[in-house]
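One structure is given below, encoded as structure tokens.
The values are calculated or read from the model by the stated rules, or taken from the named source; none is laboratory data. Everything quoted here is computed from the prediction, not taken from an experiment. Don't worry about glycine lacking a Cβ; one is built from the backbone with ideal geometry, like all the others, and counts go over all protein chains shown.
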Amino acid sequence: MKNSIPIITLFAILSLTGCKNDDEENPMQNLNLNISGLEDLGSEAMYEGWIMVGGVPMSTGTFSVNSSGTMSKTSFPLDMEDLDDATAFILTIEPVPDTDPAPSAVHILAGDFSGNSANLSVGHGAALGNNFSTAAGKYILATPTNGAMTDENSGIWFLDLSSGTPAVGLTLPTLPAGWKYEGWTVIDGQPVTSGKFTAVDMVDEDDSFSSTEPGPPFPGEDYLMNAPSGLTFPTDLSNGTGVISIEPDPDNSPNPFTLKPLVATIPDMAMDHLTYDMSQNLGSFPTGTASK
């Protein structure tokens, strides 16, 4: 009859020979994010981080941002080997609920790892691919869609009339998939859209407030009818603000997104059909780092 090994002795042998637990087999390491300038996306969207490992995106987890710009989470435990092999970090905007495990097309920030850190920007090729340093804009006040020279300060058109002939007024890079430009006018403190667009030499996607005559082949809007609650159209845009924003597509909010490359303070007692310049507003872009 074979000698049996006491149970206590068997446990001791197993302990010495080593039965690794899951944590030892898959050691974890934190990815830390330090990002400023992100906005609250509301209940219909969320931010999600991704690391690129062998050319394949791997989710690092989701987070939200409150009205003060504070991230709900800044540290994300990941498999140490995956994180060590990560070559880049990408931040996307995802719908809620999100039924697709792959990243959306809305890439807002990205950066390549150099050592253990990546500087994140909208200009990275995996984000918007441009830092918008060459962005420029011009606009006029006019209401061509009412067919008469009345209420001319109640419309804004992003065009250049300095030569006497309407010409392209916006210098903007082509956006990648997942983004569209949108024009705005802030009227009595309330932002009102002039329409989304992807081309600066074509009409935009919205004419909700214009009258019945055709407008010029450029982005813009006449604020003549269907005024939003709290406003009265026609109006006078003098002393208001013109804005060009970059919006996620699909868009999570009816308000302007945080990316506003061009702004203009419309002069008090502004003159219609006079070309005015817009100014760069690149400080509105989020920036940050990802570290491992």
Any chance G169 is outside the structural domain of V106 (by TED's automatic domain parsing) and touching a Phe, Trp or Tyr at 6+ places or on another chain (Cβ under 6 Å): yes
Starting from residues that are buried (at least 17 other Cβ atoms within 10 Å of the Cβ) and either of a type in the set (S, T, Y) or not in a loop (DSSP other than H, G, I, E, B) (or both), keep the ones in region 276-286 and report whichever is modelled with the highest pLDDT. Y276
Hits in region 215-267 (condition: farther than 13 Å from W157 by Cβ, in a strand (DSSP E or B), touching a residue at least 40 places away in the same chain (Cβ under 8 Å) and among the charged types (D, E, K, R)): E247
Going by the conditions given, is T143 at pLDDT 95 or above and either under 16 Å from the mean Cα position of the chain (by Cα) or under 30 Å from E213 (Cβ atoms) (or both)? yes
Can you pull out the residues in region 99-119 that are outside any loop (DSSP other than H, G, I, E, B) and free of Cβ contacts under 8 Å to residues at least 60 places away in the same chain? A110, D112, S114
Taking first residues from region 78-98 that are in a loop (DSSP other than H, G, I, E, B) and second residues anywhere that are among the aromatic types (F, W, Y), the pairs with Cβ under 7 Å that are 6 or more apart or on different chains are A86/F113; T87/F113
Among the residues of region 144-168, write down those that are closer than 17 Å to P217 by Cβ and either of a type in the set (S, T, N, Q) or in a helix (DSSP H, G or I) (or both). P144, T145, S163, T165
